[in-house]
Every structure is written in structure tokens, then in C-alpha cells.
Amino acid sequence: MSNERTLSIVKPDAVAKNVIGEIYTRFEKAGLKIVAAKMMHLSQEQAEGFYAEHKERPFFPDLVAFMTSGPVVVQVLEGEGAIAKNRDLMGATNPKEAEAGTIRADFAESIDANAVHGSDSAASAEREIAYFFNDSEICPRG
Ligand code: IDP
């Protein structure tokens, strides 16, 4: 497995629950390094652009409304196999189906309010990291 970067978002429900630190701890305990991070309140345009691949899906308006409902924390995670590792830590999209001990099983309420986002492929990771960060905002940690 190679050293990878992936884009992660702590979604508005998890920020509101005050579990940013608990989620960051899971990343760090799994050996992922946070190499960029920012808190932001997404605009409608930013949320629509980020989730553009879902724009024809029936849940798209609800997804955009949720993602703009409060602040999020966006980070770049780096490590061996970071993309799959982060997806494993997150658990299934629907928290009711997420394996015990995953972030979504422990902190998420519903398929809409499911605590975290994580890139699902190398191509998505590249696009999503560039969507939120320019090169000078990413700090390689060796
Ligand atoms: P992922 O976040 O696990 O990668 P995706 O299929 O990429 O899941 O969907 C993006 C987000 O859209 C999900 O995290 C979830 O918040 C929302 N979503 C996906 N499917 C549904 C659905 O059937 N109803 C409501 N929201 C959904």
C-alpha cells in the first residue's frame, strides 16, 4: 500500500455534538496524520459543487441543506492506504448498517446526518482535496 492523502469532513451534526476531538483521535490512533485542517460554514454553492456527482439524486436538496446547516471541519489525512483506512474508520453510509466501533455507528443518527465524509477513491481524493485546499495549506509531516 502506498502513502496516500484523503479528504475528510466532520459534518455539521458531529460538530454540533462536540465530538470533533473524538473523531480526530480515531484518525490519529489509526496512524493517519492530519496535514491540513480548517473549520468553515459551507455556502450553498460550495456544498452543491462538492457533491456535484449526486445532483440528480432525490436526496441532493436535503444533503445540501444539511451540509450548510452549520459549521464543518475539513481536513486532509495522510498515511499508508489512507483512503480505504478512513472509509473503514467511518463505517457504512447508513449508521444503522455501520459496524460497531466505527465513527458512524458511534456518533451518527441517520443517513442524512452521518457525522463524516471521506473520499471514496484516489480520483475523488485528488478532486476533493483541491476543492478545499491549495498546496500551500497542506503541511507534509514526513
Ligand atoms: P458516503 O458519504 O458514504 O461516501 P455517498 O453515497 O457518497 O456516501 O453519499 C453522500 C452523502 O449523501 C452520504 O454521506 C449521505 O449523507 C447522503 N446520502 C446518501 N444516500 C442517501 C439517501 O438515500 N438518503 C439521504 N441521504 C443520503
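How large is the Rg to Rh ratio of the range 63-117 when both quantities use alpha carbon positions and Rh follows Kirkwood?
Rg/Rh: 0.99.
Ranking 93, 102 by Cβ neighbours within 10 Å, fewest first, what do you get? Before the final figure, lay out each step's value.
Numbers: 93 11, 102 20.
By the 10 Å Cβ count, ascending, the order reads 93, 102.
Going through the cross-link list 11/55; 38/96; 38/85; 17/96; 11/85, which pairs have a Cα-Cα distance over 24 Å in this structure?
38/96
Once the cut-off is 18 Å, how many percent of the Cα-Cα pairs in the chain end up in the long-distance tail?
Result for the distance tail: 53 percent.
Loop sites only, by DSSP: take the trypsin sites (Lys or Arg not before Pro) in the chain that have at most 13 other C-beta atoms within 10 Å and name the longest stretch containing none of them.
56-140
Can you pull out the chymotrypsin sites (Phe, Trp or Tyr not before Pro) in the range 104-141 whose DSSP state is coil and whose Cβ has at most 15 other Cβ atoms within 10 Å?
none
Given +1 on the Cβ of Lys and Arg, -1 on the Cβ of Asp and Glu, and no further charges, what dipole in debye does the chain carry about its Cα centre, rounded to the nearest 20?
Dipole about the Cα centre, nearest 20: 300 debye.
Pop the C-beta distance of residue 59 and residue 80 into the FRET formula with R0 = 35 Å and round what comes out to the nearest 0.05.
0.60
Any read-out appearing in this document is the output of simple, stated calculations on the displayed coordinates, not a laboratory observation. In this text, all values refer to a predicted model and were calculated from it rather than measured experimentally. Every residue, glycine as well, gets a Cβ built from its backbone with ideal geometry; the counts of neighbours run over all protein chains shown.
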